[in-house]
Each structure stands twice: as C-alpha cells, then as structure tokens.
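S.K.: A single structure is presented below for examination.
Only the coordinates and a few stated rules stand behind these numbers; no lab work does. All figures in this text were calculated on a predicted structure; none of them were measured in a lab. Virtual Cβ from ideal backbone geometry, glycine too; neighbours counted across all protein chains shown.
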Amino acid sequence: MAAEDGRPAGDGAPAEGARGRVAPVSALAPPTRAAVILPWERPDRQQAQRAAEARLAEASGLAASIGLVVVHSAALPLRARRPATLLGEGQVELIGQAIAGQSVAVVVVDAALSPVQQRNLEKAWGCKVIDRTGLILEIFGERAATREGALQVELAHLDYQRSRLVRSWTHLERQRGGFGFLGGPGETQIEADRRLIGERIAKLRRELEQVRRTRGLHRSARKRVPYPIVALVGYTNAGKSTLFNALSGAEVVARDQLFATLDPTMRGIRLASGRRVILSDTVGFISELPTELVAAFRATLEEVAEADVILHVRDIAHPDTLAQRADVVAVLDGMVRDGTLDADWPERTIEVLNKADLLGGIAAVPERGDAVAVSAITGEGLEALRAAIEARIGVGMEVAEYVLPPEDGARLAWLYEHGEVIGRQDAEQAIRVTVRLLPADRARFERAG
C-alpha cells in the first residue's frame, strides 16, 4: 500500500528523498526474486508435515499474487522461538547461503515477526524481509475496493508500521525543530514520524466513523433489491470465481491465484423455476488473518450479511480442506459477534464441495451429508446445486392469495417475476392467484397495491 503523510511502508526504512517511505513490494522493478520461509513447530508427524507443505504452498501463492517470483521455499522445524531472529542460528545461516546464490531481493517469513526479529534477519540476509502480516497488508492495500475497506486497510497498515518505528534507521539520531532557547534538544526524527502517523490514524478513524454512519442507508438500499441474493464465500482459491462464472455465464477473472477476487461482483441468474436471483462473488478467506485487518476484511463482506442464501465453497481436493472450513466458519461467527451478520447464517448456508473432478467426479466425494458436490470446471453437479438454491430460498417463502382485475397485467406479471405461482383461476371479472413469495416481496407487493 502506498505510503502517505510521512508514514513508513514496507520494511520501515525510508527511501531516499521521501522520509518514512519506501515503495511497496509490488512496485519493485520486476521480476523481484523472492524466498518463502515457513517456520514450522510440528515437523515430526506425517499429517503435520502434509499440513506444513500445504501452508508453504499457500504462502508462496500469496507472494506470487503481488508479483514476486518465488525462487526458493522451505519449511523449517522450529524447536524454540529465538527472541532475536525467531529461527535458530544454523537455520539463519543456511537460508542466508540459499538466498545469496539466487539473488533473492525479498524474503517472506510466513509467521509474525517482531520488529527486532525483522531487523536482525534483514541484517543477516542482506535483503528485505516481510512477515505474513506485512504480506497480506500489501495484498489488501493494492486491491481494497470499497471506501470503508480502503480506509480500514490504511489504518491497519499504519498501526502495523507504528510498531516498527523502533527500527535502527540511519537518520533517527538527527534532531530537528529545536532552537535551544526553548529548553530542549528538539524533536527527534522517530518522534516526528510517530506524531505524523498518530495524526493520520486519528484522521482515518474520523473518516471511518462517518462511513459507518452512512452504512445503514446503504443496507436499506440493498434491501430494496427486488431479487434474492445468493453470496459465495469460501477460503481463497477454493474456486468461487470459477463457480460464479459457471452458474452465471459471466467472465469474472478466475485464476489459480490466491486473492484473485477482492472486488465483490454481482450478476443476475435465473433458476429452473424462472425465479431470478442475484449471485455475488466475494473475497476469499484466509487463515491467521492479521488482527489489524479483521475489520477491513469484514468490510468487504456486506453482501454476505444481506444474502438470502450463502454458498460456502470448499476445495474438497485440498489436503487442508477441513482446516480451511474451520477458518471460514470462525470469521463468519466473528461477524455475528460484532453484529454485522445474523446468527441464523448456518440455516441459510449450503456447503458446496468444489473441485470434485480432482477426486474423480462427484461420486468419489466422501461424506457429503447435506453438502452438494460439484465441479465448476466440468459442470458436474451444477443442476443439483441450482435445485438446492431454489429449495433453500423456498424455505423462507410465504403462500399468499390475491384477486386481481383482468386488466391489471403489470401486477400479475410482477408476481410471476418475483414469486412462484402455484395456482391460478381466471374468471371474467377477476383473476385469483396463489403465489409463494419471500416476506420482503410480499410486503412490497401489498404496499404497492
């Protein structure tokens, strides 16, 4: 995320000519060669080793998503956390040798590093080092689309960088602003940086408060959308955008890349009954989301809060699919606790077991229960998914009966468009219609009448 108002970015060391600023990782001259290191605390069990490999692949994917070229990766057993470097002395030396021979410019450590650990590793390896929090902040900083999301990301980035001001910058001992007769040596550079960051944080919080005041108005507007909303959620790279395209016929960007979608995308689709619904693709979830970014992440999920049906898309072929499911559920439960999502979300949710083709087809998907197995790539299982969406929408519908004059074709057409007509009797003086409607649509129709 680009630095503004004197705040530092990246590793906290200021670029020449711009105090407290460095270019973000994504802005470095391509190709930027990178190494990805996963400190792993449970390397002794086979299951844990498989999980480590999956986590390392995820971290490499995150690095690739901001344009880094990963030329070296390694999962290292972490027997004890060293306060100075996190890793052991031998491991630091081993990694140093590996990256020196491959012209590595950035090392991504898939863990939380203290400012001291980050500084010491940069000294030992002679290159830029970022941790998992810094990496995810870079991704969200580039791609946050909504006003609230952008403000939350910048606030998170500033909070993160403020803790890095203990770094040994070369200019921190310089003084400025003091004239001697005022009774002090003046304001040090680090104090000035901390003050500027504090002022920017205060300004961002005021702006966020204003955005939150108008959020209720936006939600009211969304509730006036005349069709049910079906929102896709799931762990990043679970295939949500591919499924979105398969269901809607749209051409949303769908790449084998983490966080390929950060901008919510909506399309209208028609189910077998003729009912029209709005399909919404959302940002992918991720494990160990930095606490600084939780509010920013939830700000991108407003469509989920308003959805009539939630499709929880899982990569059923991923070795860590159960852990990914738990991560998604934990975030949604957190939204319930902070009041942005109703507690009944599980009742509105259909679990979609995607990428069944990688297991040999939907028949090979084990223990499905109430979940729907599909392959967004081959199209297998999509009709069953559409039927499940229809059934879930129908659960909340109410049956109503209306008598309309024959000349009132507009209101009759509205009932066919927004509801499910289950009975109709035409007479010379009136048309009697029995229809199933969502409560909101029933209220809207009766108010208009």
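S.K.: Mind listing the long-range amide H neighbours of residue 349? Cut-off is under 5 Å, sequence gap 5 or more, other chains count too, H placed in the peptide plane at 1.01 Å from N.
M.R.: Those lying under 5 Å, H to H, from residue 349 are 310.
S.K.: I've got another one for you. Quick one: Cα centre-to-centre distance for region 400-449 and region 123-141, in angstrom?
M.R.: Using only Cα atoms to place each centre, the spacing works out to 59 Å.
S.K.: Hey, fewest Cβ within 10 Å first, where do 122, 93, 138 land in order? Let's see the in-between values first.
M.R.: Values: 122 18, 93 13, 138 27.
Starting with the residue having the fewest Cβ neighbours, the order is 93, 122, 138.
S.K.: What is the fewest-to-most order of 282, 214, 434 by other Cβ atoms lying within 10 Å of their Cβ? Write out the running numbers ahead of the final one.
M.R.: Values: 282 25, 214 11, 434 16.
Least crowded to most crowded, the residues run 214, 434, 282.
S.K.: Shifting gears a bit: Listing 273, 248, 103, 60 from the residue with the fewest other Cβ atoms within 10 Å to the one with the most, what is the order?
M.R.: Details: 273 15, 248 18, 103 9, 60 21.
Arranged by neighbour count, lowest to highest, 273, 248, 103, 60 become 103, 273, 248, 60.
S.K.: Additional query: Starting at the first residue of region 61-70, write each ³J(HN,Hα) from the Karplus equation 6.51 cos²θ - 1.76 cosθ + 1.60 with θ = phi - 60°, in whole Hz, x for Gly and Pro.
M.R.: Values per residue, Gly and Pro as x: x, 4, 5, 5, 5, 10, x, 6, 9, 7 Hz.
S.K.: Amide H to amide H under 5 Å from residue 75: which residues, 5+ apart in sequence or cross-chain, H placed 1.01 Å off N in plane?
M.R.: Under 5 Å from the amide H of residue 75 lie the amide H atoms of 38, each far enough along the sequence or on another chain.
S.K.: Quick one: what are the phi-derived ³J(HN,Hα) couplings along region 274-280, Karplus 6.51/-1.76/1.60 with θ = phi - 60°, whole Hz, x for glycine and proline?
M.R.: Coupling constants for region 274-280: x, 5, 9, 10, 9, 9, 10 Hz.
S.K.: What percent do you get for the relative contact order of region 292-372 when only Cα pairs under 8 Å and 6+ apart count?
M.R.: Values: 67 pairs, mean separation 29.5, N = 81.
Over region 292-372, the number comes to 36 percent.
S.K.: Whole-Hz Karplus ³J(HN,Hα) for region 398-409, in order, using 6.51 cos²θ - 1.76 cosθ + 1.60 and θ = phi - 60°, x for Gly and Pro?
M.R.: 10, 8, 9, 10, 10, 10, 10, x, x, 7, 8, x
S.K.: Taking amide H positions as placed 1.01 Å from N in the peptide plane, with prolines and chain starts having none, which residues 5 or more places from residue 398, or on another chain, fall under 5 Å of its amide H?
M.R.: Correct list: 437, 438.
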